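The values are calculated or read from the model by the stated rules, or taken from the named source; none is laboratory data. Just so it is clear, the structure is predicted and the values come from calculations on it, not from any experiment. Virtual Cβ from ideal backbone geometry, glycine too; neighbours counted across all protein chains shown.
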Amino acid sequence: MAGTTTTTLNDLLPTIVAEAMFVASERSIMQGLMRNYNLPANAGKAITIPRYPVQTAADLTEGNALNNTAVSTDGVTLTVSTVGLHTIVTDLAVASSASNVVADLGRLFGEAIARKIDTDATALFSGFENITAGSASSALSAATVAQAVAKLRANAVPTTDLALVLHPYVAYDLKANLTNTFANPASGDIQNEAMREGYVGQLFGVPVYETSNIANTGTAGDYVGGLFHRDGLGLARIGDINIETQRAAEYVGTRVVASAHYAVGELYDYYGVAITADSSLVDPA
């Protein structure tokens, strides 16, 4: 009798890859808000992004030569590392399951890697040390967001490609502040949108995003969000999500491994504002 199974994951591997890549792209918001760098294969695991500093023009006295300005660059290096998941699926689980086990694994693995990318990226918000807004002892208000926007614009940060990313608990207080007709009697369309749709589309010209993939600071209700320009944060990666299978005969099943090679990092400190807030909603955990 042949020692092969009637159904193996190898035959369905393209389904796993397609599902995992779709979920990661669908669920991860930070990838689309950061500067992305794709490293080609066989080109090492580190990439250095050079930065040209802002230059200042000087007045010229007629008949005199301009001073010689030395323009030098610095750089930020992102070094790629690997994250992944591993499970063993038995032949019996595949053969007896009423659901599509392959699709389920793709969704679970894709969501996990997407959350990991977002969690690593949002952890960079607290690194915007030069300009911060908000307080670890108070809820977020529209005025604090306006302060953060003003700080970026005072540093001549471009007004395009900005994003505000908040934890849902912190965003709740912002919505409550916006929809308070006594605190903000003239909030108008923004107030109506927040009350009707449950989210804030744009505030002071900046798109507002919510994600639960922001870790608590260690104090209940305290989260650090970020208002940043796309060039403030970088994501470097080699390829996309990888799915591999290997026969695990001793388990009468198949090993399934999902992995991704990437790095995140702060590219320019003055292109972001860390927004600290103490949400009125205490994490039930």
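Some values worked out for this structure:
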| quantity | calculated |
| --- | --- |
| Residue tally, condition of a type in the set (Ser, Thr, Tyr), modelled with pLDDT of 90 or more and part of a loop (DSSP other than H, G, I, E, B), over segment 196-249 | 2 |
| Residue ranges of strands (runs of 3 or more DSSP E) in segment 36-131 with at least 3 members in contact (Cβ under 8 Å) with a residue 24 or more places away in the chain and over 30 Å from residue 245 (Cβ atoms) | 46-51, 74-79 |
| Test result for residue 245, closer than 21 Å to residue 108 by Cβ, in the same structural domain as residue 90 (by TED's automatic domain parsing) and touching a residue at least 40 places away in the same chain (Cβ under 8 Å) | yes |
| Residue match in segment 151-162 (condition: surrounded by 14 or more Cβ atoms within 10 Å (Cβ to Cβ) and small (Gly, Ala, Ser)) | no |
| Any chance residue 61 is in contact with a Ser or Thr (Cβ under 7 Å, 6 or more places away or on another chain) and of a type in the set (Ser, Thr, Tyr) | no |
| Residue check, residue 152 at pLDDT 95 or above and either touching a Pro at 6+ places or on another chain (Cβ under 6 Å) or closer than 30 Å to residue 55 by Cβ (or both) | no |
| Qualifying residue in segment 83-101 (condition: surrounded by fewer than 16 Cβ atoms within 10 Å (Cβ to Cβ), modelled with pLDDT of 90 or more and touching a His at 6+ places or on another chain (Cβ under 9 Å)) | yes |
| Any hit, segment 235-246, residues being among the hydrophobic types (A, V, I, L, M, F, W, C) and within 27 Å of residue 132 (Cα to Cα) | yes |
| So residue 56, is it surrounded by fewer than 16 Cβ atoms within 10 Å (Cβ to Cβ) and either in the same structural domain as residue 214 (by TED's automatic domain parsing) or farther than 30 Å from residue 252 by Cβ (or both) | yes |
| Verdict on residue 252 being over 14 Å from the mean Cα position of the chain (by Cα), modelled with pLDDT under 90 and among the hydrophobic types (A, V, I, L, M, F, W, C) | no |
| Residue tally, condition at pLDDT 85 or above, touching an Asp or Glu at 6+ places or on another chain (Cβ under 7 Å) and surrounded by fewer than 17 Cβ atoms within 10 Å (Cβ to Cβ), over segment 102-128 | 1 |
